[in-house]
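Worksheet for the structure shown next.
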Amino acid sequence: MITPKLLMGLNWTDPTEWAAALAEPCRRFDITTSKRVAMFLANTGHETAGGRRLRENLNYRPEALVKQWPKHFTPEYAAEVGRTDKQAADQKAIAEAAYGGRMGNKSPGDGWRFIGRGLMQTTGRYNYERLAEIVNMPLDDLPEWIETREGAAESAAVFWHANACNDLADAGAVERCRQRINGGLIGIQDVRERYATALGLLT
């Protein structure tokens, strides 16, 4: 159901290669109806700009850091590590402040080590450990693998299945599905638009 023509219509990069990478994981996890495929591609398309970005970009300006993670960045610290006209963003420090001590991250460096990757932007030691167990792969090998097309597609389908997103897709519950994937409604308007476009192409 996920074809190069469909992905081209949704403005994905490398549609032939992505269609090939997604075919088997989506079949195995029953992402095979118009509603399921549309919802899956709407969210993965948003997370990665249509397959273009498989690693989280933490190149934030100070004001964006405070807005995105108000509990983790004071204006002063955001100014120290954020991107300004005079300095590049310290993305490792940003990851440690944003993610350290949560989502299963427990050791120094975990926030940076387990930043968002893949089509679903798998984030945090807990989610990486769960994925490593499901795909039977050493945790140390996972970050590099998730940044490949095959790893990105597989990890996204695993996450989708583990979080019962097919049920939400069947109900057309765009907001509830977004909350389950994102933990909030960040990017919901783009997801809505991508979903409507995908559904139109599939039906």
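The values are calculated or read from the model by the stated rules, or taken from the named source; none is laboratory data. Not measured: the values here are computed from a predicted model. Using ideal geometry, Cβ is built from the backbone for each residue, glycine included, and neighbour counts are taken over all protein chains shown. In case anyone asks, the SASA skips ligands and DNA or RNA and just uses the protein heavy atoms, side chains included. Shrake-Rupley method; radii C 1.70, N 1.55, O 1.52, S 1.80 Å.
For the reader, a short list of remarks on this structure follows.
- Selected residue (only one of Glu193, Glu154, Glu175, Glu147 is of a type in the set (Asp, Glu), crowded, with 17+ Cβ neighbours inside 10 Å and on the phi < 0 side of the Ramachandran plot): Glu154
- Looking only at region 37-55, and only at residues there that are open to solvent by less than 40 Å² (accessible area, probe 1.4 Å), assigned to a helix (DSSP H, G or I) and not polar (S, T, N, Q), the one that is nearest to His161 (Cα to Cα): Phe40
- Failed item, numbered, when Ile134 is tested on (1) touching a residue at least 24 places away in the same chain (Cβ under 8 Å); (2) within 24 Å of Thr16 (Cα to Cα); (3) open to solvent by 50 Å² or more (accessible area, probe 1.4 Å): (2)
- So Leu58, is it part of a loop (DSSP other than H, G, I, E, B) and buried (at least 19 other Cβ atoms within 10 Å of the Cβ): yes
- Residue ID - most open to solvent (accessible area, probe 1.4 Å), chosen from residues in region 68-78 that are at pLDDT 95 or above and assigned to a helix (DSSP H, G or I): Glu76
- Val81, sole failed condition from (1) under 27 Å from Leu142 (Cα atoms); (2) open to solvent by less than 60 Å² (accessible area, probe 1.4 Å): (1)
- Matching residues, region 157-172, being surrounded by 15 or more Cβ atoms within 10 Å (Cβ to Cβ) and without any contact (Cβ under 8 Å) to a residue 60 or more places away in the chain: Phe159
- Residue satisfying all of: in region 90-106; of a type in the set (Gly, Ala, Ser) and part of a loop (DSSP other than H, G, I, E, B); most open to solvent (accessible area, probe 1.4 Å) among these: Gly101
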